[in-house]
Amino acid sequence: MDAIRDTYDRVIDYLRISITDRCNLRCVYCMPSQGVRHLRHAGILSYEEIIRIVRVAALLGVRKVRITGGEPLIRRNLGYLIADLRSIPGIEDISLTTNGQLLDKYADELAAAGLTRVNVSVDSLQNDRYAEITRGGSLPVVFAGIQRATLLGLTPVKINMVPMRGINDDEIEAFARLTLETRYDVRFIEFMPAGANDFWTADRVVSTQEIMERVGRIAPIDPIKRRKDGPARYYSFAGAPGVLGFISPISHHFCGSCNRLRLTSDGKLRPCLFSETEIDLKSAMRRHVPDEEIARLLRLAVEVKPQAHSFADRPDADKRRPMSAIGG
Ligand code: SAM
Ligand code: SF4
């Protein structure tokens with residue numbers, strides 16, 4: 001089956017699936033301190049429903065699946081879901097985005113089930129600051145998980161950091177230096193005005209340009225051509241084992257290479273992280289529609305995928321849903 005292309009000739013081969021809107025942390029940039037109102041259990045897609053969607057998506061050319069949340073590792077029996085996804089013909093890559101609090105505990109089970117790689121969010125390398133930003137997380141526990149994942153070959157382990165001015169941007173250089181000593185991909189994500197919280201302000205955003213300039217002052221960095229991985233652009237220090245990634249939803253070197261659709265935990269397809277458009281797969285499935293209808297809705301999501309999003313029109317972006325519900 002040929003890959004499916006959108007109106008702007010982007011190949012859509014990647015489905016990002018949020019399996020829960022719940023989380024065991026309350027990161028300041030993602031959630032308000034009191035948390036957010038959660039969906040009821042019945043409102044969340046079952047594993048069977050997720051597997052059905054991925055089976056149909058694979059027939060349309062989807063090859064890569066990312067499991068995210070909320071915090072995906074708090075949903076029970078994740079190993080079963082991964083093993084079932086793994087057995088779907090056409091699915092070549094199953095990755096997971098996690099805050100790492102439960103990674104040490106579950107990495108072995110997930111690797112055995114067929115997980116390919118992990119992305120771990122780490123926004124400070126200082127124990128106290130990490131606990132403050134995440135409102136209660138433990139940094140040593142995260143690194144135990146990262147080390148376990150590395151040993152198990154869930155690699156490259158990608159470390160995602162969101163620099164925020166006056167909060168953790170003084171650690172940009174320390175994060176970049178990790179790539180001089182380890183094989184991690186360290187990826188800097190521009191702070192986005194998403195989510196149901198008031199923490200985002202324009203002056204807290206550190207642009208990719210500024211991050212790159214600061215990293216480049218440690219030593220020159222060169223682009224890595226061979227890496228094609230959606231919206232991230234990759235660089236490295238000469239001879240370094242690790243890789244530097246830059247993800248720029250604000251300054252926009254992002255949409256042209258976007259290869260993904262998103263599925264929210266309550267079964268809505270989102271053509272773009274910031275689109276208002278949502279296509280309700282869950283209701284369709286619970287009306288017992290045939291696979292052809294699921295395929296039609298998936299194609300429709302690809303068709304209406306916007307060329308680019310813009311924060312210029314709506315600086316406060318999408319306040320309807322927190323990132324934890326959309327899946328980041
Ligand atoms: N709980 C998991 C985690 O933290 O990795 C997965 C879900 S989280 C919503 C997915 C990604 O979104 C994380 O890498 C997180 O740093 C990122 N994220 C959340 N809010 C963000 C924001 N306002 N700007 C940029 N990235 C954000
Ligand atoms: Fe939870 Fe991830 Fe959001 Fe942090 S970024 S509150 S870990 S969903």
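The values are calculated or read from the model by the stated rules, or taken from the named source; none is laboratory data. What you see is a predicted model, and the numbers here were worked out from it, not measured in a lab. A quick note on method: Cβ atoms are made from the backbone with ideal geometry, for glycine too, and the neighbour counts reach across all protein chains shown.
Worth a mention:
- Given (1) over 28 Å from D108 (Cα atoms); (2) assigned to a loop (DSSP other than H, G, I, E, B); (3) modelled with pLDDT of 95 or more, index of the condition T155 fails: (1)
- Residue, nearest to ligand 1 (Cβ to nearest atom), within the range 119-138, restricted to residues that are outside any loop (DSSP other than H, G, I, E, B) and touching an Asp or Glu at 6+ places or on another chain (Cβ under 9 Å): N119
- Residues in the range 40-99 that are assigned to a loop (DSSP other than H, G, I, E, B), of a type in the set (A, V, I, L, M) and within 16 Å of ligand 2 (Cβ to nearest atom): I44 alone.
- Yes/no for P140 being surrounded by fewer than 23 Cβ atoms within 10 Å (Cβ to Cβ) and closer than 19 Å to V186 by Cβ: yes
- Contact map, the range 157-186: residues that are on the phi > 0 side of the Ramachandran plot paired with residues that are within 16 Å of ligand 2 (Cβ to nearest atom), Cβ distance under 7 Å, separation 6+ or inter-chain. Pairs shown: G166/R204.
- The set of residues from the range 105-121 being within 16 Å of ligand 2 (Cβ to nearest atom), of a type outside the set (D, E, K, R) and out of contact with any helix residue (DSSP H, G or I) (no Cβ under 6 Å at 6 or more places or on another chain) comprises N119, S121.
- Residue satisfying condition, being touching a residue at least 40 places away in the same chain (Cβ under 8 Å), more than 16 Å from ligand 1 (Cβ to nearest atom), crowded, with 17+ Cβ neighbours inside 10 Å and under 23 Å from G230 (Cβ atoms), within set L60, L85, L81: L60
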